[in-house]
Amino acid sequence: MSARTTRRLTGFTPSGSLHLGNYVGAIRPIVERQHTADTVVFVSDLHALTLDHDPAEVRRRTTEFATLLLAAGADPDACLFLVQSHVPQHTELHYLLECATGFGEAQRMIQFKEKAGQQQHVRMSLLTYPILMAADILIYDTDEVPVGADQRQHVELARDIAARFNSRYGETFTLPTAVNPPVAARIMDLATPTAKMSKSTASAAGSLRLLDEPAVLRRKVMRAVTDDSGEVVFDPERRPGVSNLLAVLGACTGADPHGLARSFDRYGELKAAVADAVVDVVEPVRQRCLELAEKPDLVRDVLRAGAQRARELAGAKVALAREAIGLLPA
Ligand code: ADP
Ligand code: TRP
């Protein structure tokens, strides 16, 4: 009997703007492997509702993210491509999994504690969203979830919930594992190089957004924070600014940042090379995104077809979970 192919799944929450870090750390690795691995890519719009949000903005970003992912090479013929809320089985499974999750277990999530600490009005969904994330993962029998460090704990929770559900109610779910995104350079904010480049950073100056025009990208790179030493070396601990520029150049060109450091004498030269490399990577994606944005029907059809396929897969899994947990078939 041949073994089932490993299935990988990645979600993107449509809040803020997708940036170069997301591209090299998450989007490019999925796109590169979608023809050889069984891949699920989705826009996790329901997760954008866990914090204060503007409804029109979430809707707009959902389309923007889907369009950008397609522009960046996600191929709906090669991977399962969908918007989370188009597959209501995710929320149905969420409830069943809540019934197999401890309140204390959810409360212990570090991201919950951090985000809840920053808010006056904490939504119930902020507490339960890792369980929805577990549903996203378990509903497709996912084996591997490439995630950054901050999401690892959530994948481990999904694994714990799956193991508990299986042992109490019978084998139902595949146990997922968090995996490091392959070779992803961790791209730091250009204005604050000690912080990760992030979708949710309020200031745009440090973030190289995939929809930034070339002149904007260049300006951001040229204004990137460095230091006074003037010496080009790769030492992220002690020289975060210049090291980040080398990491960006490495991520865009495939070269090793240590080796690159030896090729430049001055920050100005390095910045010019980084600006060119970033524009070479980002501009084709932005152009394809603009072309796709001219064809909203095409994107809508892709999402409709993806949702339909996903509903079939997800529906079968939810039916198993419903039966296992004790619900009477309708
Ligand atoms: P953000 O922090 O920008 O909101 P997410 O936490 O939603 O990003 O991350 C989505 C994916 O993008 C993660 O799986 C992670 O691998 C990748 N990613 C995010 N930021 C970076 C970064 N600065 N450098 C490299 N990869 C990143
Ligand atoms: N919560 C993830 C984030 O904010 C996105 C996400 C939702 C996800 N569901 C997922 C990632 C399932 C991996 C697996 O970045």
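Just so it is clear, none of the values below were taken in a lab; they were calculated from the coordinates. Keep in mind it's a predicted model, so treat the numbers as computed, not measured. Glycine also receives a Cβ, built like all others from the backbone with ideal geometry; neighbour counts cover every protein chain displayed.
The table for this structure:
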| quantity | calculated |
| --- | --- |
| Restricting region 46-119 to GluC sites (Glu not before Pro) in coil, as DSSP defines it, with at most 15 other Cβ within 10 Å | none |
| For region 1-96: span of alpha carbons on each principal axis (Å, largest first) | 49, 37, 20 |
| Other-chain or far-sequence residues with amide H under 5 Å of R7's (modelled H) | D143, E144 |
| Relative contact order computed over the chain (Cα-Cα under 8 Å; 6+ residues apart), in percent | 22 percent |
| Relative contact order (%) - region 1-129, alpha-carbon pairs under 8 angstrom, separation at least six | 28 percent |
| Sequence-distant residues sharing a close amide H with H19 (under 5 Å, placed H) | L210 |
| Gap separating the Cα centres of region 190-238 and region 135-176, nearest whole Å | 35 Å |
| Pairwise FRET efficiency - D265 versus D54, Cβ, R0 = 45 Å, nearest 0.05 | 0.40 |
| Residues V233, V24 arranged by fewest to most Cβ contacts within 10 Å | V233, V24 |
| Measure of compaction for region 187-291 (Cα Rg per 2.2 N^0.38 Å) | 1.02 |
| Whole-number percent relative contact order across region 187-291, with pairs defined as alpha carbons under 8 Å at least 6 apart | 27 percent |
| Contour excess over end-to-end distance, with Cα ends at R300 and D77 and 0.36 nm allotted per residue | 78.8 nm |
| At q = 0.06, 0.07, 0.10, 0.12 Å⁻¹, base-10 log of I(q)/I(0) for the chain (Debye sum, equal scatterers on each alpha carbon) | -0.23, -0.31, -0.62, -0.88 |
| For the chain, the longest site-free run once trypsin sites (Lys or Arg not before Pro) in DSSP loop states with at most 11 other Cβ atoms within 10 Å are removed | 5-237 |
| In the chain, lysine pairs with alpha-carbon atoms under 20 angstrom apart (chain gap of 8 or more, or interchain) | 8 |
